[in-house]
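Written below as structure tokens is the structure these notes are about.
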Amino acid sequence: MRYTLIILLFLNNMACSNVNKTPKEILQKESIFVHLPTSEKPKIPQKTRQPKNTSITTKPILPPKKSVTNIQTVGIYRVAAYLAEVGYFYGPLQKATLETVKAALKSFQRDIRVAPTGVLDDATWHKLQRLKLGHPIKAELEVITAEKPAKIDTPFPSPPVTKPAKRHAPTISATTFKPGESVYAIEKIECKGDHEAFMLIYEGKFQQAAAQKNKVQVRVNKRLAMWYDSYKTGKNDQDWWCIPKKRFCYSRINFTDWGGQLKSNEVGNFEVELTMSSHDDMMAFIAQSVKKACSF
């Protein structure tokens, strides 16, 4: 009973002393520490992200290199020489002009399946450069280029140029061939009008120089007939009388056709100037031989 009375008096004193105080002040006074809940979450400082350098260094795109190959830079006579080798340009190289070379170039481009523009593009020039110039055309080209050197613009007058002695095309002789070498020998050339010709040709092995002057001996093993038309282009190696006509139409024939006197494996005598190595360009040789014989 006594303790109950003491507790009641203590509670009464507390109620009177805290009548004007907030619950928080009462709790702090009584040394009661309570963490009141809050609706706000503590703010966590965030790291500031620095923007990355996204610039990309790129190399400037250069335009593709354009081909500078054309007839003028290569040389009119040089282009004409290659076209003459395959029978597309006829006549002396010295008379070649830009117009005549362009016309011959168009015909050549048609046969190699390139757009016939008359422009010496890379594809056309690559085909021409693969040709091997024969001795007559090569010598003629060397003479022309030696007589007419390229002009170079200089700020000072150039000293007088001594013109070299004129060189002639090398003469084909029996020493040009080696024994056993495969050769072609023209047996006969018949001129037909002002731009056509018919030929009979033997293929065989060179033996030796004949007893007659400017003649060689060839052991024959094949005989060909050919029709040449300088106004046409292309070739047909299946029929000597082809339709439509090509510049070169030829095929194998019998040894007895058109009055043939030789048989297979026999030795015949032929003009040395009408004999060529099989390693050379046969079409160019035929074209040059016909032009010389028929004056086309």
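Filtering F296, F255 for residues that are without any contact (Cβ under 8 Å) to a residue 40 or more places away in the chain and surrounded by fewer than 19 Cβ atoms within 10 Å (Cβ to Cβ) leaves a single hit, F255. Pull up region 210-251, narrow it to residues that are at pLDDT 95 or above and basic (K, R), then point me to the one that is surrounded by the fewest Cβ atoms within 10 Å (Cβ to Cβ). Among them, the one singled out is K222.
On the stretch given as region 196-213, residues that are of a type in the set (F, W, Y) and more than 20 Å from K178 (Cβ to Cβ) total 1. With respect to the conditions (1) modelled with pLDDT under 50; (2) within 22 Å of E99 (Cβ to Cβ); (3) surrounded by 11 or more Cβ atoms within 10 Å (Cβ to Cβ), K151 falls short on a single one, namely (3). The residue pairs whose first member lies in region 116-132 and is without any contact (Cβ under 8 Å) to a residue 12 or more places away in the chain, whose second member is of a type in the set (S, T, Y), and whose beta carbons are closer than 8 Å, counting only pairs six or more residues apart or on different chains, are P116/S107.
Which ranges mark the strands (runs of 3 or more DSSP E) fully within region 221-296 that have 2 or more residues being more than 22 Å from Y82 (Cβ to Cβ)?
In region 221-296, 248-252, 267-271 are the strands (runs of 3 or more DSSP E) which contain 2 or more residues that are more than 22 Å from Y82 (Cβ to Cβ).
So C294 clears everything in (1) in contact with a Cys (Cβ under 9 Å, 6 or more places away or on another chain); (2) closer than 19 Å to Y202 by Cα except one condition, right? Which one? Going through the list (1) in contact with a Cys (Cβ under 9 Å, 6 or more places away or on another chain); (2) closer than 19 Å to Y202 by Cα, C294 breaks only (2). Among the residues of region 95-122, just one is under 14 Å from the mean Cα position of the chain (by Cα), surrounded by 13 or more Cβ atoms within 10 Å (Cβ to Cβ) and in a helix (DSSP H, G or I), namely Q109.
The values are calculated or read from the model by the stated rules, or taken from the named source; none is laboratory data. The structure presented is a predicted model; accordingly, all values stated were derived computationally and were not measured. We place every Cβ from the backbone using ideal geometry, glycine too, and count neighbours over all the protein chains shown.
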